[in-house]
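These notes concern the structure reproduced below.
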Amino acid sequence: MNDSRFVPGRRLAWTAAAGAPFALAGELGLAGVAAWDAAVVLGAWAESRALGRRVPTAERAVEARLVVGLPNRVTVRLHNPTKSLLRVVVRDDVPEGWIAEPDELSVELPPHGRREVTYTVTPPKRGAHAFGDLHLRLEGSLGLGARIVDIAAGASARVYPNVLGPRRYEMAAKLGDLRTIGFRNVRKSGGGGEFDQLREYVSGDPFRDLDWKSSAKRLRPVTRVLREERSQNVLLAIDAGRLMKIRAGSAHTGAAGSPGEIPVTKLDHAINAALLLAWVALRHGDRVGLVIFAEDVATFVPANRGPAQYRALLEALYDVEATTAYVDFRRFVEFIKLRVPRRSLIVMFSDLLDDTHGLPLAEHLSMLRGKHLPVCVTMEDAVAESLAARPAQSDDDAYQRAAAADLLADRAAVKARLRKGGVSLVEAPAGELAVGAVNRYLEIKARNLL
């Protein structure tokens, strides 16, 4: 049921004030002006009451999957069921903390007319959220009285990680030029083995592996996949501890302050990179699993293959939030030893902000080196590098520069410990984290390291 209430129209104030000059001139007198104002207010009330009987219908249309940190389109559909022209201003109740642009939408609804108005929302975090009601301000032709109508339109919204990366990769793959988005060329290993299944042709597949009958039937190139191409495990391990709550750049480019975009957390950048790596690995026929951990393992998705596995990974990641807890890498290693018996490429997305966090990471991740192939993926600390290189022009600048230098020294110690323990390291800016992770995966595939 809709709620409505009277509000003054855009012309009410100056129409009521129009009687003042006549009072000052002595033509109407105070009684006449009072009668004039009473008539204007009565007219405003009557117009507002009439508008209450001509309320249009309104409904909101939101995409099933919204993307964190980027503008997403929302459409409001309006229908005027009456024979009168309506002027409508629409305001939506967006979830708390979301940025709506513009925050109000104006439209004229002709008699029996339908219109659609759109705006964008930028969600600052992933997960489940809720829209509230739609609020319509109706104005008639006189403009004396208006009416606010609250239309019940509560709806849930699911905000997912930025999955534009896989779309860009797929587009480049179809165009046959992965280098345009930063990926290196890789020669596929194998070339012999037992037939496993068919999949869509990807640029770089040998022509000898094309299945001509299936290609002719489907009207697009199809490749025969051999079993040895599909025998490798990739396990994505995502640190959801306290350091991953820090915001660092936008979801799309990694550069803070871009128009229409807002900074997202390091965890969001890690999830975006992990999803792109998962998509690429699944396209290459590998089995992909997932572990999300902090003080304990929170989520485990066993390794599997195929499009359904990507959807399972996306659903497992869309509402993950970083905790305030310290990370227990010992428990993570114990879990891997117990639940992941098959040799796997373990790609850990974490942060090396200080040695308190980084040294235990390096120590425990190297324990997996005997059976698995561990890789650590982390973001560069652009802020610390900038502060350490900036000339000190005051005492505060000197303190900041010294603190930044200490952080970078701790980071260097952690990286040296990782290298000594046989753990491969991928370090890249926020906007290039996904490309760096995928390129290291492609390099490992090309060199048959797994």
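Database remark: amide H of Ile238 closer than 5 angstrom to the amide H of Val291, Ile292, Phe293, Phe349 (H placed geometrically; neighbours at sequence offset of 5 or more, or on other chains; Pro and chain starts carry no H).
Remark: spin-label model distance Arg208-Ala413 equals 5.4 nm, labels positioned 7 Å along the Cα→Cβ axis. The local environment of Val423, defined by Cβ-Cβ distances under 11 Å, has a net charge of +4 under the rule Lys, Arg +1 and Asp, Glu -1.
All of the numbers you see were taken from the coordinates with simple rules; none came from a lab. All values reported here derive from a predicted model rather than from experimental measurement. Every residue, glycine among them, receives a Cβ derived from its backbone with ideal geometry; neighbour counts consider all protein chains shown.
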